[in-house]
Amino acid sequence: MKLLEDRIRKDGKIKGGDVLKVDSFLNHQMDVDLFNEIGKEFQRLYGDCGVTKILTIEASGIGIACVTAQFFHCPVIFAKKNKTKNIAGDVYTSQVESFTHGKVYDIIVAKEFLLPTDRVLLIDDFLANGSALQGLINLVRDAGATLVGAGICVEKAFQPGGDLIRSMGVRVESLARVKSMSEENGITFC
Ligand code: 5GP
């Protein structure tokens, strides 16, 4: 998606070689007009798949997922990062290793919101090593729901997540695929 690539070129900041900061428009301050275009693009890609729920992970996926859901006219569920030890039996749970912090944490979704009859589209801001998506996929599978695919804003294609998730037979659509990036040479897209 050219609009997103242009914006990343203009306002994205590369940190430490493998982290792309997009705080000024995607995951701190949010450009809602851009989110609208992102949502329309996901609708163009997945609009004929009978999506009944959009599933994302807190916190930075939520805004994008909500704007996108307006084009699908379906609810958004966000997987919560679980902070309490005692997990009741009424939630699906999975583990995610944070790319940015390196910590492993549990994510949960209440069983009442993810049904075997659901057709689920996953939405997230970034795809790096694939742990976040893998965690969301586990929740969908545990619920016996149908996974339609994943819509990602920025895939860092030089990291293994995209290949990993696609090799599982999951459709992944990324609106900007970063081929390489460095503080010296900037950013190139696939
Ligand atoms: P993964 O689980 O695929 O390794 O990483 C995906 C998650 O880590 C995303 O939900 C996103 O929040 C975060 N993330 C991974 N890489 C980046 C990055 O380069 N920049 C930012 N801002 N977040 C990232």
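Just so it is clear, none of the values below were taken in a lab; they were calculated from the coordinates. None of these values were measured; they are calculated from a predicted model. Positions of Cβ are backbone-derived with ideal geometry, glycine not excepted, and every protein chain shown enters the neighbour counts.
Overview of results
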read-out	value
Length gained when the stretch HIS73-ASN138 is fully extended (0.36 nm per residue, less Cα-Cα span)	21.0 nm
Length added when fully stretched, GLN29-GLN95, from 0.36 nm per residue minus Cα-Cα	21.0 nm
Helix 2-11 vs. the chain, principal-axis angle (Cα, 0 to 90°, nearest 10)	70 degrees
Interchain or long-range residues, amide H under 5 Å from SER180's placed H	THR188
Antiparallel DSSP beta bridges within the chain, percent to nearest 5	45 percent
Rounded tilt (10° steps) of 60-72 against the dominant C-alpha axis of the chain	70 degrees
Pairs from LYS13/LYS111; LYS103/LYS156; LYS40/LYS103 whose Cα-Cα separation, in the structure shown, is over 28 Å	LYS13/LYS111; LYS40/LYS103
Cleavage-rule hits, GluC sites (Glu not before Pro), the range 1-96, DSSP coil, Cβ neighbours within 10 Å at most 16	GLU58
Simple Cβ-charge dipole of the range 60-119, Lys/Arg +1 and Asp/Glu -1, about Cα centre, in debye nearest 20	180 debye
Candidates per trypsin sites (Lys or Arg not before Pro) in the range 43-141, loop by DSSP, up to 12 other Cβ within 10 Å	LYS83, LYS85, LYS103
Spin-label pair ASP163/LYS2, simplified geometry with 7 Å Cα→Cβ offset, distance in nm	3.1 nm
Scattering profile of the chain at q = 0.15 Å⁻¹ [log10 I(q)/I(0), Debye over alpha-carbon scatterers]	-0.86
Two-decimal ratio, the range 1-92, of alpha-carbon radius of gyration to 2.2 N^0.38 Å	1.28
Nonlocal amide H pairs with SER174, under 5 Å, H built at 1.01 Å	ILE152
Net charge, ASP18 excluded, C-beta distance under 12 Å - Lys, Arg +1, Asp, Glu -1	+2
